[in-house]
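A.B. asks: Mind having a look at this structure? Questions to follow.
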Amino acid sequence: MGKVYVFDHPLIQHKLTYIRDKNTGTKEFRELVDEVGTLMAFEITRDMPLEEIEIETPIQTAKTKVLSGKKLAIVPILRAGLGMVEGVLKLIPAAKVGHVGLYRDPETLKPVEYYVKLPADVEEREFIVVDPMLATGGSAVEAINALKKRGAKNIKFMCLVAAPVGVEAMQEAHPDVDIFIAALDEKLNDHGYIVPGLGDAGDRLFGTK
Ligand code: URA
């Protein structure tokens, strides 16, 4: 069963409050999502492997640690996931970026992939799939299916706000994928929005209706 980590760091919670606030405009919303992306990346990378190297400080030779060169990729689910990419890249600037685009089939109402572009070495790479909202879980489950179909073996999922039903759907479909969230909200409403949520993340990020 994939673990669920709720990041209750005060800075993340503070910024999330203003992300949720309907009076927060597009510019500030975008900046805050970016900042929370950075803070979440800091937490999510805690288990990155280190290796020891030898360097010369101005004083003497020292054995110190550096990241052991693990290959990482961030994969936003289009379009709202794009809002979290730059924030993560601030901390992990060498990460590659893949993209997954999904549309909803008008008959089955299920998400179907229309665009998938991933970096090379899929099998050895660690992927962080990002999307601000985990609502029904349909898109996240399908995006991760798309990655696994292409050979991905090591995947994490990161979002701002999740609904319990979305977390359950993910855990059932992808028990090997840990989920990192800033808040676990109450439920979905009849229109599929997370309650209390933050509204439509894509529209708020890009200023569309
Ligand atoms: N997608 C959103 O952007 N917001 C929700 O509340 C649910 C899904």
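A.B. asks: I need the full set of residues from segment 173-209 which are of a type in the set (Asp, Glu) and either farther than 22 Å from VAL4 by Cβ or touching an Asp or Glu at 6+ places or on another chain (Cβ under 6 Å) (or both), in order please.
C.D. replies: Residues of segment 173-209 that are of a type in the set (Asp, Glu), as a first pass: 176, 178, 185-186, 190, 200, 203.
Of everything in segment 173-209, those that are of a type in the set (Asp, Glu) and either farther than 22 Å from VAL4 by Cβ or touching an Asp or Glu at 6+ places or on another chain (Cβ under 6 Å) (or both) turn out to be ASP190, ASP200, ASP203.
A.B. asks: Hey, another quick one. What's the number of the condition THR64 fails, among (1) outside any strand (DSSP E or B); (2) more than 22 Å from ILE179 (Cα to Cα)?
C.D. replies: (1)
A.B. asks: Quick one: what pairs do we get from segment 15-28, first residue farther than 20 Å from MET40 by Cα, second not aromatic (Phe, Trp, Tyr), C-beta under 6 Å, 6+ apart or different chains?
C.D. replies: Pairs found: THR26/GLY207.
A.B. asks: Would you check which residues across segment 1-22 are within 17 Å of the chain's Cα centre (by Cα), within 16 Å of ASP185 (Cα to Cα) and in a loop (DSSP other than H, G, I, E, B) and list them?
C.D. replies: Scanning segment 1-22 gives PHE7, ASP8.
A.B. asks: Among the candidates ALA143, ALA182, single out the residue that is more than 9 Å from the ligand (Cβ to nearest atom), in a helix (DSSP H, G or I) and in contact (Cβ under 8 Å) with a residue 40 or more places away in the chain. Quick ask: steps written out before the conclusion?
C.D. replies: Values: ALA182 fails: in a helix (DSSP H, G or I).
Selected residue: ALA143, the only one of ALA143, ALA182 that is more than 9 Å from the ligand (Cβ to nearest atom), in a helix (DSSP H, G or I) and in contact (Cβ under 8 Å) with a residue 40 or more places away in the chain.
A.B. asks: Does any residue of segment 114-127 turn out to be at pLDDT 95 or above, surrounded by 22 or more Cβ atoms within 10 Å (Cβ to Cβ) and aliphatic (A, V, I, L, M)?
C.D. replies: No - not one qualifying residue is present in segment 114-127.
A.B. asks: For segment 185-209, name all the residues that are under 19 Å from the mean Cα position of the chain (by Cα), in a loop (DSSP other than H, G, I, E, B) and over 23 Å from GLU43 (Cβ atoms). Even if it seems obvious, please write down each step before you answer.
C.D. replies: So in segment 185-209, the residues under 19 Å from the mean Cα position of the chain (by Cα) come out as 185, 193-194, 197-206.
Filter once more, so that each one left must be in a loop (DSSP other than H, G, I, E, B): 185, 193, 197-200.
Those that are under 19 Å from the mean Cα position of the chain (by Cα), in a loop (DSSP other than H, G, I, E, B) and over 23 Å from GLU43 (Cβ atoms): TYR193, GLY199, ASP200.
A.B. asks: Also, I was wondering about something else. Tally up the residues in segment 77-133 that are within 16 Å of the ligand (Cβ to nearest atom) and in a helix (DSSP H, G or I), please. Working first, answer last.
C.D. replies: Step one: filter segment 77-133 for residues within 16 Å of the ligand (Cβ to nearest atom), giving 77-84, 100-104, 109-111, 129-133.
Those left that are additionally in a helix (DSSP H, G or I): 80-84.
Count: 5.
A.B. asks: For segment 189-209, name all the residues that are within 7 Å of the ligand (Cβ to nearest atom) and over 23 Å from LEU11 (Cα atoms).
C.D. replies: Scanning segment 189-209 gives GLY192, TYR193.
The values are calculated or read from the model by the stated rules, or taken from the named source; none is laboratory data. This one's a predicted model, so the numbers in the text were calculated from it and none came from an experiment. Please note: Cβ atoms are built from the backbone with ideal geometry, for glycine as well, and neighbour counts cover all protein chains shown.
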